[in-house]
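The values are calculated or read from the model by the stated rules, or taken from the named source; none is laboratory data. What you see is a predicted model; the values in this text were computed from it and never measured. All Cβ positions, glycine included, derive from the backbone under ideal geometry; neighbour counts span all protein chains shown. In case anyone asks, the SASA skips ligands and DNA or RNA and just uses the protein heavy atoms, side chains included. Shrake-Rupley method; radii C 1.70, N 1.55, O 1.52, S 1.80 Å.
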Amino acid sequence: PPPFFFNDTATTAIYTLSLHERSSDLFERWALDDDDTGGNVGGLELAGERLGYALVTDAAYVSRVVAFDPERAELRREVLRTTEYVGGIELDGGGVLAVAEASFFAPRVCLWRVAADPAAAETPLGCAAMPLPPVALEPLD
């Protein structure tokens, strides 16, 4: 089965992801509720057992990338807020979070370095303009 699945209903959506532990075949599970994030969760990435990222879009079409604690399903901080359409988020194996803003007039990809400490803020690495809006992100690990 795929490692990520979700159950979407009219009132709430609970997203579940399984994390494989290094030393065993046991899995830990967590849930992130749309009601807790203030919008629809459209993408999830995990940096570790205590840090994850979610792409959230609210009713006013404001996109946010938020850091959260997967064990407690609690929001930690907002990494990005934009009125541009965000096509996706991706976390590579080297600890770089990529966010694709698919603006019609100024599409770009922005990068942040993810700290080893889940309580520490991400370090912005910069943004790069794209000739066309990015459709999908794939890490080049």
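Here are the numbers for this structure:
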read-out	value
Top-ranked residue of region 119-141 - restricted to ones that are modelled with pLDDT under 90 and not in a loop (DSSP other than H, G, I, E, B), ranked as least open to solvent (accessible area, probe 1.4 Å)	Ala128
Out of Val79, Val62, sole residue that is in contact with a Phe, Trp or Tyr (Cβ under 7 Å, 6 or more places away or on another chain) and not polar (S, T, N, Q)	Val79
Residues (over 26 Å from Glu49 (Cβ atoms), part of a loop (DSSP other than H, G, I, E, B) and either open to solvent by 20 Å² or more (accessible area, probe 1.4 Å) or basic (Lys, Arg) (or both)) located in region 103-118	Phe104, Phe105, Ala106
Candidate set: region 44-62, residues that are touching a residue at least 40 places away in the same chain (Cβ under 8 Å) and open to solvent by 20 Å² or more (accessible area, probe 1.4 Å); chosen: the one farthest from Glu122 (Cα to Cα)	Leu44
Candidate set: region 53-90, residues that are part of a strand (DSSP E or B) and basic (Lys, Arg); chosen: the one farthest from Arg108 (Cα to Cα)	Arg76
Flag if Leu75 is open to solvent by 50 Å² or more (accessible area, probe 1.4 Å), closer than 14 Å to Leu44 by Cα and touching a residue at least 24 places away in the same chain (Cβ under 8 Å)	yes
Selection status of Gly42, part of a strand (DSSP E or B), modelled with pLDDT under 90 and under 12 Å from the mean Cα position of the chain (by Cα)	yes
